[in-house]
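Notes to accompany the following structure.
The values are calculated or read from the model by the stated rules, or taken from the named source; none is laboratory data. Because the structure is a prediction, the values reported are computed rather than measured. All Cβ positions, even for glycine, are placed from backbone atoms using ideal geometry, and neighbour counts span all protein chains on display.
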Amino acid sequence: MRWAVRLLPVAVVLAACGGGTPAGSLPAGPDDPHNQGGTVTIGVVQEPTSFLAAGIVDSMLFSVAVDAPVAEGLLWYRPLEETARARTLADFWRPMLATEVPTTANGDVRTEGCPVASAAMCVTWKLRGDVLWHDGSRFGAHDVCATIQFYWLRYHDRNPTAVLSTAGPDQVIDCREDTPTQATLSFKTRYGGYLSLGSGVYGILPATRLENAFHGDTDLERTPQTVDLRTATGAADAYHGTDTLDRIIVGTGPYVLAGYEPTKSITLVRNRHYWDRGHQPHLDRVIFRFISDVTSQLAQAKAGEIDVGLDYRLALLGALDAAAKLGRLTVQTIPESGAEKLDFDMCANARGLCGAQARLDPVTADLRFRQAVLRAIDRQQIVRTIARGQTTVPQDSWIYLGEEFIRDPSIPTTAYDPAAARRLLDAAGYRPSDGCHGGRGRADPQGRCIDLDFVTTSGNPARQQAQIAIQSDLEQVGIFTNLSTVKAGRLFGSFGDGGILATHEFDLAMYGQTGAPEPDGWYSLYHSDCRGACPDENQIPSAANHGQGQNAAGLDDPVVDRAFDAGRSTVDLAQRTTAYRQAEKALAADLPEVPLYQQVVVNSHSPQLRGVQRNDRVWTFNMYDWYCTGGRCQA
């Protein structure tokens with residue numbers, strides 16, 4: 001689960017290959033021999049900082065997109081069309097490396113008779129026995145338990161690798177290798193989010209690679225790994241050599257790593273021995289090309305220099321539609337399980353949990369100030385203009401997006417009301433001052449002008465336009481901001497890498513957040529330490545907790561903590577719904593962020609490319625089904 005966020009640099013042009021189709025014939029489908037082969041070039045405007053940034057040491061959506069064709073999990077995603085009417089969390093998943101989705105109904109989830117007598121719950125995973133890792137080792141229960149050992153059982157909160165969060169794995173007290181194809185996890189609580197553990201992109205890591213780090217208890221990102229990915233995949237061009245897992249990737253998926261040129265591209269080739277006979281890959285080669293910004297990506301898509309463009313956002317939808325009418329590309333829009341939002345730094349009220357490096361701004365930590373900002377921003381105008389009217393403003397707490405069963409309809413969507421914003425600021429002691437911007441600005445009760453640093457990511461016109469619009473709205477009520485943009489790796493980097501969000505070095509930060517098909521995924525974004533009662537559960541990253549968690553705002557509310565604890569401590573969907581609705585109410589009252597609008601992913605692909613399905617969390621989740629008509633991927 002992730003900042004569920006996104007990352008960037010330059011270009012290399014690689015031509016498509018593959019045979020043609022006789023004139024006048026129509027390719028019949030993905031299994032037609034004429035439709036095999038070809039090279040797909042995919043634009044990526046945010047270069048992943050690491051292959052492990054797909055939920056292991058960070059959560060960057062472009063890293064997820066790159067890793068998805070390579071690194072699989074116990075369960076895998078379904079297309080958006082299948083999950084739109086999902087009634088249970090199990091409906092979001094299909095078996096992948098596991099042979100079935102474990103539930104209480106099929107007996108795989110039990111609250112008694114567990115291998116560990118003290119366990120409150122245990123989950124048995126039944127695994128495929130015909131899967132090879134790309135390095136030739138066989139997938140099985142040992143990999144499942146090694147992954148759990150890595151995240152929690154071996155190190156607890158002292159992991160030499162700066163993992164993004166231990167929330168979820170920290171509920172596991174034991175992992176048993178029952179057989180080579182069956183593993184049983186025992187939990188200390190009735191953990192409601194059990195399906196997400198080990199599922200999705202890079203859900204399971206290869207035990208052979210983990211054990212190299214275990215031998216010296218070293219950082220997985222800095223442990224050299226010698227691999228040969230050619231023999232097991234039948235791919236002569238696959239990677240072989242020595243590097244660390246931030247620069248190479250070993251998976252079980254339909255495509256295998258061929259090479260990585262930092263600032264230029266990542267190349268994958270077909271795994272000719274892929275285990276899933278029903279989803280054999282069709283493309284010879286996939287190139288993820290790093291492009292500086294979405295405007296350049298659009299130009300390359302229109303020119304046929306790339307075959308897929310990822311995550312343009314809504315600002316370029318008009319230009320994309322115009323290109324589509326000319327037959328140059330196909331446009332894909334996907335309503336996302338997340339929001340574009342504006343975070344406040346609340347660390348001044350977090351009792352030191354943000355750490356010594358954090359910015360402590362009493363203004364943004366003041367609830368009355370945050371309430372004023374919520375009313376001062378014309379979010380509907382942003383939707384009408386920047387988002388072209390293609391989305392909506394969510395409720396004041398937005399984590400129900402994509403998980404409608406936890407939506408509390410009583411939570412409002414606060415309307416634009418600058419007059420009310422001014423009244424709130426006046427009442428809180430933030431009054432206009434002659435010494436602040438010629439009398440147009442406000443000062444805090446100590447007489448200091450309110451000038452806030454407002455950061456967002458570079459290379460995204462929609463975000464830059466929204467940043468300027470918000471700056472203008474805030475100035476109308478006397479709040480002035482200093483705008484800046486940074487590369488996504490700088491904003492979303494880990495605590496150890498000095499990421500702005502993780503180190504809490506901002507006043508206002510705007511970015512997008514997308515969730516997993518499991519509301520416990522929000523735990524790491526909002527949980528604190530229960531006002532000292534649960535220090536090991538603290539998700540506010542700092543040196544003290546080794547950079548764990550994604551609570552960048554520094555929200556410190558025991559009501560929120562209790563609600564998320566209740567939601568993860570049962571598998572009963574009704575009880576979980578009640579708990580997460582309580583969390584939503586508390587978040588709407590706390591306002592650690594202003595949700596601007598529901599995100600909409602805008603992608604493009606060549607009309608020659610077929611088989612692309614929609615998933616709002618993982619754009620490349622079904623690349624095994626992608627194929628090009630006639631084996632030619634360019635329009």
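The figures follow:
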item: Scan of segment 620-635 for residues that are hydrophobic (A, V, I, L, M, F, W, C) and either closer than 17 Å to His279 by Cα or surrounded by fewer than 21 Cβ atoms within 10 Å (Cβ to Cβ) (or both), ordered by number; result: Phe621, Met623, Trp626, Cys628, Ala635
item: Within segment 476-496, tally of residues that are farther than 21 Å from Asn460 by Cβ and either in contact with a strand residue (DSSP E or B) (Cβ under 7 Å, 6 or more places away or on another chain) or in a loop (DSSP other than H, G, I, E, B) (or both); result: 7
item: Candidates Pro69, Pro48, filtered to the one that is in contact (Cβ under 8 Å) with a residue 12 or more places away in the chain and within 13 Å of the chain's Cα centre (by Cα); result: Pro48
item: Unique match (being in a loop (DSSP other than H, G, I, E, B) and in contact (Cβ under 8 Å) with a residue 12 or more places away in the chain) among Leu245, Leu210; result: Leu245
item: Residue in segment 442-458 that is in the same structural domain as Leu342 (by TED's automatic domain parsing), touching a Ser or Thr at 6+ places or on another chain (Cβ under 8 Å) and modelled with pLDDT under 95 present; result: yes
item: Residues within segment 534-581 that are farther than 18 Å from Asp520 by Cβ and touching a Gly at 6+ places or on another chain (Cβ under 6 Å), tallied; result: 4
item: Selection status of Ala301, assigned by TED's automatic domain parsing to the domain that holds Val44, among the small types (Gly, Ala, Ser) and assigned to a helix (DSSP H, G or I); result: yes
item: Criterion (in contact with a Ser or Thr (Cβ under 8 Å, 6 or more places away or on another chain) and modelled with pLDDT of 95 or more) met by exactly one of Leu245, Leu342; result: Leu245
item: Residue in segment 155-167 that is within 20 Å of Met96 (Cα to Cα) and either in contact with a Leu (Cβ under 7 Å, 6 or more places away or on another chain) or of a type outside the set (Ser, Thr, Tyr) (or both) present; result: no
item: Segment 213-237, subset assigned to a strand (DSSP E or B) and in contact (Cβ under 8 Å) with a residue 40 or more places away in the chain, residue nearest to Pro48 (Cα to Cα); result: Val227
item: Selected residue (criterion: modelled with the highest pLDDT) from residues of segment 601-614 that are surrounded by 21 or more Cβ atoms within 10 Å (Cβ to Cβ) and within 18 Å of the chain's Cα centre (by Cα); result: Asn603
item: Conditions (1) within 25 Å of Val600 (Cβ to Cβ); (2) touching a Phe, Trp or Tyr at 6+ places or on another chain (Cβ under 6 Å); number of the one not met by Pro335; result: (2)
